[in-house]
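Single-structure report; data block below.
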Amino acid sequence: MVKIRLMRVGKRKQPSYRIVVMEGTDKQGGRAVATIGHYNPLAEPAEVTVDTAAALSWLNRGAQPSPAARRILAKSGVLKALGEARSGREGAPGEGDVG
């Protein structure tokens, strides 16, 4: 199973994270399939950059975000865009209309 999670980078006491797509069985510092953004919690305010198109693509393919990655994706609006895309697809005109 493919997962979206955070990969810690940076020096000691200066954490920075990459938002990456990895196989679920890979170890924490393993090789990432794709990098879709980064997160810097030390900046004021916290700096978040997410490639929305890439994130939506991976989520549509079944990638499961970790709890921390889910919070970051929600704050950046990716999960809202995913919900709108899915609801727009389900409520297409002509599908299931009775009258």
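In table form, for the structure just shown:
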read-out: Dipole moment magnitude, nearest 20 debye, the chain about Cα centre, only Lys, Arg, Asp, Glu C-beta charged; value: 740 debye
read-out: Semi-axis lengths, Å, the stretch 24-91, gyration tensor of Cα atoms, sqrt of 5 times eigenvalues; value: 22, 17, 10
read-out: Mean residue ellipticity (222 nm) of the chain, computed from DSSP H runs ≥ 4 via -39,500 (n - 2.57), nearest 500; value: -9500 deg cm²/dmol
read-out: Most mobile listed residue (LEU79, LEU59, LEU42) in the chain, GNM with C-alpha springs under 10 Å; value: LEU42
read-out: Cβ-based charge dipole, the chain, positive-most Cα from GLY83, GLY29, GLY62; value: GLY29
read-out: Separation in nanometres of the label points that stand 7 Å from Cα toward Cβ, at SER57 and MET1; value: 2.4 nm
read-out: FRET efficiency for ALA46 and ALA81, using Cβ-Cβ distance with R0 set to 22 Å, rounded to 0.05; value: 0.60
read-out: Total lysine pairs whose alpha carbons fall under 25 Å of each other in the chain (8 or more apart, or interchain); value: 7
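We did not get these values from a lab; they are worked out from the coordinates using the rules stated. Quantities reported herein were computed from a predicted structural model and do not represent experimental measurements. Positions of Cβ are backbone-derived with ideal geometry, glycine not excepted, and every protein chain shown enters the neighbour counts.
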